[in-house]
1. Let me confirm something: among Ile61, Ile103, Ile82, which residue is assigned by TED's automatic domain parsing to the domain that holds Thr250, more than 24 Å from Gly176 (Cβ to Cβ) and among the hydrophobic types (A, V, I, L, M, F, W, C)?
2. For the stretch 108-127, which residues satisfy the criterion of being modelled with pLDDT under 90 and either exposed (fewer than 15 other Cβ atoms within 10 Å of the Cβ) or in a strand (DSSP E or B) (or both)?
3. On the given criteria, is Ala130 under 18 Å from Leu216 (Cα atoms) and either modelled with pLDDT of 90 or more or buried (at least 19 other Cβ atoms within 10 Å of the Cβ) (or both)?
4. Return the residues of the stretch 45-89 that are among the basic types (Lys, Arg) and part of a loop (DSSP other than H, G, I, E, B); say none if nothing qualifies.
5. Give the residues of the stretch 186-232 that are in contact with a Lys or Arg (Cβ under 6 Å, 6 or more places away or on another chain) and assigned to a strand (DSSP E or B), sorted by residue number.
6. On the given criteria, is Leu212 under 13 Å from Ile177 (Cβ atoms) and among the aliphatic types (A, V, I, L, M)?
7. So which residues in the stretch 277-289 are surrounded by 16 or more Cβ atoms within 10 Å (Cβ to Cβ) and either hydroxyl-bearing (Ser, Thr, Tyr) or assigned by TED's automatic domain parsing to the domain that holds Asp252 (or both), if there are any at all?
8. Somewhere in the stretch 265-280, is a residue touching a helix residue (DSSP H, G or I) at 6+ places or on another chain (Cβ under 9 Å), under 28 Å from Arg55 (Cα atoms) and not in a helix (DSSP H, G or I)?
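The values are calculated or read from the model by the stated rules, or taken from the named source; none is laboratory data. Just so it is clear, the structure is predicted and the values come from calculations on it, not from any experiment. We place every Cβ from the backbone using ideal geometry, glycine too, and count neighbours over all the protein chains shown.
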Amino acid sequence: MSTEAPVISCKNVWKIFGADPEGFLKSKDPDMSFDEIRAAGYIAGVKDVSIEVHRGEMLVIMGLSGSGKSTLVRCFSRLHDITGGTISVEGQDIMQLPEKELIELRRSKMGMVFQSFGLLPHRTVLDNVAFPLEMRGQDRHIRRERALEVIKLVGLEGREEYFPRELSGGQQQRVGIARSLAIEPDIWFLDEPFSALDPLIRREMQDEFLRLQELLGKTIVFITHDFDEALRLADRIAIMKDGAVEQCDTPDQIVMHPATEYVRKFTQEVDKSRVVTARVLANENANGTGDPVSANASVRELAPTLINDSREVFPVEEDGKIIGGMSRQEGLDVLLEAN
């Protein structure tokens, strides 16, 4: 992970809903469970969460409905005021920002895409995408040029004059993504943006999203309840339950080493061979011989080598350097578990 200061730093954050959340937080037993808090007449939307998001990272937050994932992301942008703890964005404590500075931070730094597309039905694709720039007061020609640029980026060139009703669900979602990109945000919040789409379009949108991230390198917080989607998109995954983060780690580490029984249940149906890479299995003290395997290659991709090559240990290479050796038997164990 980067040694730079995190873009978002969230420390011991609580968001409690109820009659007197601040008073309750001060007086409650530190070890109260989610159910005990609820029995006292309050809801812990976010429960003592500490997490960081680094520059250029895609952090996927997932959990079942009511787990607190959307509430947490709304706290990141201060759409919800937190009850306790601190949240800093690029070193600024956002709870201390005056309203005018907070609005400017959102307008200049943050893009948001939600499950409901929120397009203006009486405006064309071009005008929908240019809308946030219009709200900024930018010159009409400048905002048109920028809108055309991001429309092309998301693959909607030629549909600039269409109205939302003339677009498919996937195309409407692309308009929502283009609109959020128009302001050139450093930080991008996406709350289940693809969940309303059918499986084929959803897969296409994931492909498009990965392409955009490769091009743009945004700092992204992406919410989903779909573990397959999380595995496909995430640099790290944070799994939430009852407002708390059960585990936050890379996809392969979560699959190989679930921290709690709840996380284990999330991962039990996953084909580990498609998630676990040579990097995870590499032992820095092991010495392999012969041609190295790529640290980024999954066990599934390495299956022919594992089956046909009799070497006991394979050198693992990353960025032109050998980082250790991968046991053939460990790789076969992961492969066999998936079949």
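1. On the way: Ile61 fails: more than 24 Å from Gly176 (Cβ to Cβ); Ile103 fails: more than 24 Å from Gly176 (Cβ to Cβ).
Just a single option satisfies the conditions, and that option is Ile82.
2. Ser108, Gly111, Met112, Val113, Phe114, Ser116, Gly118
3. For Ala130, the condition - under 18 Å from Leu216 (Cα atoms) and either modelled with pLDDT of 90 or more or buried (at least 19 other Cβ atoms within 10 Å of the Cβ) (or both) - is not met.
4. Answer for the stretch 45-89, where residues must be among the basic types (Lys, Arg) and part of a loop (DSSP other than H, G, I, E, B): Arg55, Arg78.
5. Ile187, Trp188, Thr219, Ile223
6. On the way: under 13 Å from Ile177 (Cβ atoms): yes; among the aliphatic types (A, V, I, L, M): yes.
It is true that Leu212 is under 13 Å from Ile177 (Cβ atoms) and among the aliphatic types (A, V, I, L, M).
7. So in the stretch 277-289, the residues surrounded by 16 or more Cβ atoms within 10 Å (Cβ to Cβ) come out as 277-282, 286, 288.
The one that is surrounded by 16 or more Cβ atoms within 10 Å (Cβ to Cβ) and either hydroxyl-bearing (Ser, Thr, Tyr) or assigned by TED's automatic domain parsing to the domain that holds Asp252 (or both): Thr277.
8. Yes - at least one qualifying residue is present in the stretch 265-280.
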